[in-house]
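Before any comments, here is the structure.
The values are calculated or read from the model by the stated rules, or taken from the named source; none is laboratory data. Predicted model, so just to flag it, every value in this text is computed and none were measured. Here the Cβ positions follow ideal geometry from the backbone for every residue, glycine too, while neighbour counts run over all protein chains shown. Protein only, heavy atoms only, side chains kept; ligands, DNA and RNA dropped before computing areas. Shrake-Rupley method; radii C 1.70, N 1.55, O 1.52, S 1.80 Å.
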Amino acid sequence: MQISALSKYKGFIFDLDGTLINSMPFHAKAWRQTSNEYGFDIDEQLIFDMGGASSLDIANHLKNMGHPIDDPKSFVARKIHIFTEHIEELEDFKRIQNILIDAKKRGCKIAIGTGTREPNALKILISKNLMCHVDALVTSELVENHKPHPDTFLLAAKKLGLNNDECVVFEDGQLGILAAINGGFDCVEVSQDRIKNYYEIDR
């Protein structure tokens with residue numbers, strides 16, 4: 001896809017983990033360390049496959065698999081503690097960040113739609129000097145139904161004051177891509193700091 005094709009959009013909605021920053025390896029390791037502390041092991045690929053899901057959704061999924069998790073919220077809290085110790089180490093995906101910054105300079109509105117909790121999202125965005133470019137932030141606490149449900153992106157567009165067809169979503173995870181498509185948004189798939197595919201919804 002040519003970057004010039006993005007000029008028709010008034011709003012840009014970005015996922016955070018795996019899209020603007022290379023955080024997924026740290027998330028996977030934090031989930032695995034937490035699981036080990038609870039007496040079981042997981043395949044880190046599971047976390048990549050569930051990219052875009054909320055932390056509580058992941059913990060409940062692991063519990064439903066039969067793993068010894070009595071209190072998913074406590075399990076999530078431990079995972080978050082481990083992950084936040086590494087926030088300063090997160091690698092930037094500069095090309096995607098530059099698309100965000102350039103869009104803002106052109107007068108477009110910018111939203112972040114993430115399955116991350118607000119405190120972590122804010123820490124990351126502030127540490128990467130991105131929060132100053134963001135008009136709206138939608139985190140896991142603000143929606144009941146997480147990706148692949150479209151609620152996160154629908155709320156982001158609403159906060160920007162724009163219709164779905166005026167916005168484009170940038171996502172790396174399959175659950176997030178489905179969420180964008182389910183919400184009627186055009187979507188750019190991001191893979192390791194590269195634009196990989198462009199899904200334009202027939203309107």
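Key figures
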| quantity | calculated |
| --- | --- |
| Within segment 33-60, considering residues that are closer than 16 Å to Thr116 by Cβ and aliphatic (A, V, I, L, M), the one nearest to the chain's Cα centre (by Cα) | Ala53 |
| Residue selected from segment 113-129 under the condition farther than 17 Å from Ser55 by Cα and outside any helix (DSSP H, G or I), by the criterion least open to solvent (accessible area, probe 1.4 Å) | Lys128 |
| Looking only at segment 152-174, and only at residues there that are over 13 Å from the mean Cα position of the chain (by Cα) and of a type in the set (Asp, Glu), the one that is surrounded by the most Cβ atoms within 10 Å (Cβ to Cβ) | Glu166 |
| Members of segment 175-196 found to be open to solvent by 10 Å² or more (accessible area, probe 1.4 Å), touching a residue at least 12 places away in the same chain (Cβ under 8 Å) and not in a loop (DSSP other than H, G, I, E, B), listed by number | Leu175, Leu178, Ile181, Asn182, Glu189, Ser191, Arg194, Ile195 |
| Matching residues in segment 33-45 - criterion: being open to solvent by 40 Å² or more (accessible area, probe 1.4 Å) and either among the aromatic types (Phe, Trp, Tyr) or touching a helix residue (DSSP H, G or I) at 6+ places or on another chain (Cβ under 9 Å) (or both) | Gln33, Glu37, Tyr38, Asp41, Asp43, Glu44, Gln45 |
| Complete set of residues in segment 46-70 that are without any contact (Cβ under 8 Å) to a residue 40 or more places away in the chain, part of a helix (DSSP H, G or I) and either loosely packed, with under 14 Cβ neighbours inside 10 Å or among the charged types (D, E, K, R) (or both) | Lys63, Asn64 |
| Residue list for segment 130-162, restricted to those being outside any loop (DSSP other than H, G, I, E, B) and hydrophobic (A, V, I, L, M, F, W, C) | Met131, Cys132, Ala136, Leu137, Val138, Leu142, Phe153, Leu154, Leu155, Ala156, Ala157, Leu160 |
| Residue that is nearest to the chain's Cα centre (by Cα) [pool: residues in segment 5-32 that are of a type in the set (Gly, Ala, Ser) and surrounded by 18 or more Cβ atoms within 10 Å (Cβ to Cβ)] | Gly18 |
| Residue satisfying condition, being out of contact with any Ser or Thr (no Cβ under 9 Å at 6 or more places or on another chain) and either over 21 Å from Lys8 (Cα atoms) or in a helix (DSSP H, G or I) (or both), within set Asp165, Asp202 | Asp165 |
| Any hit, segment 102-111, residues being open to solvent by 20 Å² or more (accessible area, probe 1.4 Å) and either hydroxyl-bearing (Ser, Thr, Tyr) or part of a loop (DSSP other than H, G, I, E, B) (or both) | yes |
